[in-house]
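Here is the structure we will look at, set down as structure tokens.
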Amino acid sequence: MSNPSTDRTRLHSSEGGFSLTELMVVLAFMGIITAIALPQISKTLAAMRLNGAIRTISNATALTKTKAGALFTRARLYIDRGTNSYHLETYTGGQWVVDGGTTWLPQNVTFDFAPVGGPPQGTQNPFGHAPPCLDNMNNPVANTSCLVFNSRGIPVDDAGGPTTADAVYITDGTAVLAVTVSATGLIGVWSTPPLANALWTIA
């Protein structure tokens, strides 16, 4: 038969917790793991934000093209580089009218392509942001770019002729991404490291 006092002693000794030293070692280990992982996590999240932003712009460009055909009019993606935002507009009743809400780029992402020195091969000519948007008095608006489509889904310039000048560039300093529109209306998404001699690849 077991001795009750001995059982109580054994039970008590088996319930001992962690010592302060053990807790400090565990916390230090967790701190080291966090310090190693945090930069990689931050880099991954930044890449996801940048890629998400260019996909959203690409989708907005496709929607603009579709809207022009559906309404048998011109439509444009109005890009405000000063506020890092963009929205869709349609040409209705002889003037440009906002169609839908405004979208802003994520934090630390801007409409820029520095230091890249050229467009994806076989796409844009000349290189740079799409031409400035025109207001309803046909005056260019500073710090803007517009991707304009006619009712047949073809990108057009101010005179209504087909153009290969339409492109949007964004960056967060770690990469430069682009949406380009060919003269036939084909929309492309591209990516390159931030290099003067760009290494564009399909994104």
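Residues in the stretch 79-137 that are more than 25 Å from T184 (Cβ to Cβ) and within 14 Å of the chain's Cα centre (by Cα): R81, N84, S85, T103, W104, L105, P106, Q107, N108, V109, T110, D112.
Residues in the stretch 39-81 that are part of a loop (DSSP other than H, G, I, E, B) and within 18 Å of A178 (Cα to Cα): R81 only.
Restricting attention to the stretch 132-170, the residues that are touching a helix residue (DSSP H, G or I) at 6+ places or on another chain (Cβ under 6 Å) and modelled with pLDDT under 95 add up to 0.
Which of the residues that make up the stretch 87-125 are more than 21 Å from T192 (Cβ to Cβ) and aromatic (F, W, Y)?
Passing the criteria: Y91, W96, W104.
Counting only strands (runs of 3 or more DSSP E) that fall entirely inside the stretch 95-203 and contain at least 3 residues that are touching a strand residue (DSSP E or B) at 6+ places or on another chain (Cβ under 7 Å) and under 16 Å from A60 (Cβ atoms), the qualifying elements are 144-149, 167-171, 176-181, 187-192.
Residues checked against (1) surrounded by 22 or more Cβ atoms within 10 Å (Cβ to Cβ); (2) over 20 Å from T92 (Cβ atoms):
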residue	(1), (2)
P140	no, yes
G153	no, no
D172	no, yes
V176	yes, yes
G185	no, yes
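Just one of the listed residues (P131, P193, P119, P115) is closer than 21 Å to A53 by Cβ, surrounded by 14 or more Cβ atoms within 10 Å (Cβ to Cβ) and of a type outside the set (F, W, Y), and it is P119. Residues that are under 20 Å from G128 (Cβ atoms) and in contact with a Leu (Cβ under 8 Å, 6 or more places away or on another chain): does the stretch 87-104 have at least one? Looking for residues that are under 20 Å from G128 (Cβ atoms) and in contact with a Leu (Cβ under 8 Å, 6 or more places away or on another chain), one finds none in the stretch 87-104, hence no. Taking only the stretch 169-203 into account, find how many residues are under 27 Å from V156 (Cα atoms) and not polar (S, T, N, Q). Number satisfying all stated conditions: 18.
Scanning the stretch 40-58 for residues that are at pLDDT 95 or above and more than 19 Å from F113 (Cα to Cα) turns up nothing.
The values are calculated or read from the model by the stated rules, or taken from the named source; none is laboratory data. Because the structure is predicted, anything quoted here is derived from the model rather than measured. Cβ: placed from backbone, ideal geometry, glycine included. Neighbour counts: every protein chain shown.
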